[in-house]
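The block underneath contains the structure these notes are about, expressed in structure tokens.
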Amino acid sequence: MPTPSFPVTVVSALLDIERNFIPQPYARSIEEYLEWIGFLLSFPCPVVVFTSPELAGRVKSLRGSKPLEIREITANGLRQTNLHDRIAALISGDTKFVNPDRPECYLPLYNGITFRKTEWLRQVAKSNPFQSEYFLWMDAGYGYGRFKGSKAEGRWPVRLNPLADDRVHLLQVNPHPGLDEAQRFRQHKVVFSTACFGGKASAVERLGHAYSLVLNRTLEEALIDDDQAVMTSVYEQDPELFTVVGPTYGRHFEMVRYFTDGKVSKSPAGWVNEHRWQSAVCAVGLAGLGYLASRKLRSVQSEEGESEG
């Protein structure tokens, strides 16, 4: 009997790297991730998860009868790689971070996972266990639970035809800062989100090769930041490889909207309410301006997300 084919396969990874022990606000427990991964495990399309034997049973239980493939990874296995040693040496060395509490500054295993996203996606696209045309990476913690109960839960992705252009679709969250590569790494300037990206197998293959070369070069040059910084360097080297979605001005999780409605919000977070605030200022007078500004700041902050897996 021939293997059933599906238009798209979603790929992710889940591993307990003891992130709960790093400083707030970056600490995350594995139980939180097991709750958040429920969103992508609700998808009707096939899902491939790179995870440990200890977590595989939980993933299977959450997935139920929907198509799933588990690929085994372990923390000890990743620690024994040359990549881990190179990352650890840079983190524990003389590297100066603008925010040393971030996980990529604390945990070599965090980088060891995020730097492998493109390679794991490439491996799945090459073996193609579900005979798919398109392949999307999505972080296990994508959205941090904000999509629970949304129209995307249990039915995403809906709209795949943009991927037919044979490029990697990548979300731009901020305009390029105009810095050179070394400055951008050292200042942790985020341009692209790598929480969700993908394309046809051929595009994913090209991305995997290009990303590996850039990663090795930046590590050799003692440049260490998150995987988003490396992806930005890949884009700078070969922009024709990508279809850029956005910019979304700080919104990191707009790919759900993109593959549901075919569009994203391109206005700065909170901008939509700007005219309401102007009207309110006219109504209440300048005395209330400080209060409204503080409310606006909190609203903007609540809209912003991270791309940490």
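What follows is calculated from the coordinates using simple rules that are stated; it is not laboratory data. All values derive from a computational prediction rather than experimental measurement. Neighbour counts run over all protein chains shown; Cβ positions are idealised from the backbone, glycine included.
Here are some notes:
- Pairs from the table (117/148; 148/189; 60/126; 126/263) lying more than 27 angstrom apart at Cα are 148/189; 126/263.
- The residue among 43, 84, 14 whose Cα reaches farthest toward the positive pole of the charge dipole of the range 1-88, with charges on the beta-carbon of Lys, Arg, Asp and Glu, is 43.
- The Rg/Rh ratio of the range 152-239, with Rg taken over Cα atoms and Rh as the Kirkwood radius over Cα pairs, comes to 1.01.
- Backbone N atoms of the range 130-167 closer than 19 Å to the 7 Å Cα→Cβ label point of residue 60 belong to residues 130.
- Proxy reagent accessibility, fewest Cβ within 10 Å first, across 83, 34: 83, 34
- Check: the range 158-226 dipole with +1 on Lys, Arg Cβ and -1 on Asp, Glu Cβ, in debye: 240 debye
- Dimensions of the range 8-303 from C-alpha coordinates, computed as largest minus smallest value along each principal axis and given longest first, are 63, 48, 39 Å.
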